[in-house]
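All remarks here apply to the structure that follows.
The values are calculated or read from the model by the stated rules, or taken from the named source; none is laboratory data. These numbers were taken from a predicted model, which means no experiment stands behind them. Reconstructed Cβ throughout: ideal geometry from the backbone, glycine too, with neighbour counts over all protein chains shown. Areas reflect the complete protein model, heavy atoms only, side chains present, ligands, DNA and RNA absent. Shrake-Rupley method; radii C 1.70, N 1.55, O 1.52, S 1.80 Å.
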Amino acid sequence: MNKKIAITTLGCKINQFESAAMTQALEQQGYSFVPFTEKADIYVINSCTVTAKTDAESRRLIRRASRMNPEARVVVTGCYAQMAGDDLLKLPGVNLILGNTEKKDIVGFIEGLKDEPQAVVSDISKERSKERTPLESFAEHTRAFLQVQNGCDARCAYCIVPYARGASRSVAPPEALEGMAAFAAKGFREIVLTGIHLGAYGLDLDPPTDLLGLMKLAEEQGVVQRLRVGSVEPTEVPAEMVEFMSTSKIVCPHLHLPLQSGSDGVLSRMNRGYDTKLFRSVVDALVAAIPDVCIGSDVIAGFPGETDEEFAETFAFIESLPLAYLHVFPFSQRPGTPAATMAAQVQPKVIKERAEKLRLLSERKKAEYAAKFVGRELQVLVQKDDGGRRGLARNYLTVQIDGSEEMVNREVNVAITGTKGGELIGRIKA
């Protein structure tokens, strides 16, 4: 019980949430935690497998853990463990491989660690239910991420995640609301709803519901001060959701809409199920209903077959949209996906150049969006980072403020006086 554990997390917010839940469960059993950079008795790597690069990063962390303490036990879980458990088990120093289903029972597995390496990975495609993962604390202190959905039924050509996470399955509304209330009771002012395919929330339940229904229940019951919705596919933002967001007192005016490409030809090859016309119509509807809305997006640079003309279409399309920021992903061949074996793979040098152009466009978009708020007031949640001298506005802009440690976790009105590198500078109103 006195053993020291170090956990590191790769990948998405779902993995971050699950790492926090594993940490809490182990702490409750008396285990102590140290940073992953220090000597520990047990190292846990919560892996990602979205690209071949993240696979390599997981292997690097395994080797690093073994070097820091050759006597340590190394546990690997997460999506890479789910997809390639037998291969990982062959790596020197690895003692235990846990699939995504098994990670919730990590306490029992660690307490039962054997000298002989073992892999415990069930067939996640058979998973059909999703219970709320008990979690009452989060490292960020002011904002908490709540997983209400897992798995994905889509089959985008570049993505391995449906095979690593299984079918879409949702936490029932009463349990999701219970999770929100638990975080709120611990003092968290903002809750971020997360999922692998969040827009599919509730469709698998009996009776079926949807993400909008959950948002409305949260508002009606007043369980949280600020509610933020994570990434939602453009095909899953109905007019009713836009209308509700425009009048809600708790839902933040921020939505992340994955685009992936601004070329209809590339979108078709990606099997994304929409075109640029639909994407633009969703963005236009959001801006018309919520003029100050923050809309972010994902874009992949260098998808197989992407010509110079198709990249130019993507760049021009994004440039024409009122987006606030981009998450840019250079295409990486992921074995096991259709895209990995498609013809006309783009040269790495070209991918890198296109990604850099998109990142520069993102910086410009972020600066333009931030500049709109100079001379105005925003509601800002003061954060622990930098001793209360930084906060997050409801529209997802970071604000440098004249706060203090005593103001952490309070939402205050801030007069915006300027911008700096895509962030805002403001003064707390008396």
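Key figures
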item: Residue in segment 307-322 that is touching a Cys at 6+ places or on another chain (Cβ under 8 Å) and over 21 Å from ALA355 (Cβ atoms) present; result: no
item: Test: residue in segment 293-305 that is at pLDDT 95 or above, more than 26 Å from SER332 (Cα to Cα), touching a strand residue (DSSP E or B) at 6+ places or on another chain (Cβ under 6 Å) and not hydrophobic (A, V, I, L, M, F, W, C); result: no
item: Test: residue in segment 241-250 that is touching an Asp or Glu at 6+ places or on another chain (Cβ under 8 Å), open to solvent by 10 Å² or more (accessible area, probe 1.4 Å), closer than 27 Å to GLN147 by Cα and β-branched (Val, Ile, Thr); result: yes
item: Matching entry among GLY296, GLY336 (being among the small types (Gly, Ala, Ser), open to solvent by less than 60 Å² (accessible area, probe 1.4 Å) and not in a helix (DSSP H, G or I)); result: GLY296
item: Number of the exception - ALA84 against (1) part of a helix (DSSP H, G or I); (2) in contact with a Phe, Trp or Tyr (Cβ under 9 Å, 6 or more places away or on another chain); result: (2)
item: Enumerated strands (runs of 3 or more DSSP E) restricted to segment 370-430, each holding at least 2 residues that are hydrophobic (A, V, I, L, M, F, W, C); result: 377-382, 390-393, 411-420, 423-428
item: Residues of segment 164-204 that turn out to be open to solvent by less than 30 Å² (accessible area, probe 1.4 Å) and in a helix (DSSP H, G or I), as a count; result: 12
item: Test result for LYS384, under 30 Å from ALA144 (Cβ atoms), basic (Lys, Arg) and open to solvent by less than 20 Å² (accessible area, probe 1.4 Å); result: no
item: Any pair with Cβ under 7 angstrom, 6 or more apart, that starts in segment 357-382 at a residue that is more than 16 Å from PRO253 (Cα to Cα) and ends at one that is surrounded by fewer than 18 Cβ atoms within 10 Å (Cβ to Cβ) and acidic (Asp, Glu); result: LEU361/GLU319
item: Residue satisfying all of: in segment 43-56; of a type outside the set (Ser, Thr, Tyr) and modelled with pLDDT of 95 or more; farthest from PHE331 (Cα to Cα) among these; result: VAL44
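Residues checked against (1) open to solvent by 80 Å² or more (accessible area, probe 1.4 Å); (2) farther than 24 Å from VAL192 by Cα; (3) in contact with a Lys or Arg (Cβ under 7 Å, 6 or more places away or on another chain):
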residue	(1), (2), (3)
GLU356	yes, yes, no
LEU361	no, yes, no
LYS366	yes, no, no
ALA370	no, no, no
GLN379	yes, no, yes
ASP402	yes, yes, yes
MET407	no, no, no
GLU411	no, no, yes
VAL414	no, no, yes
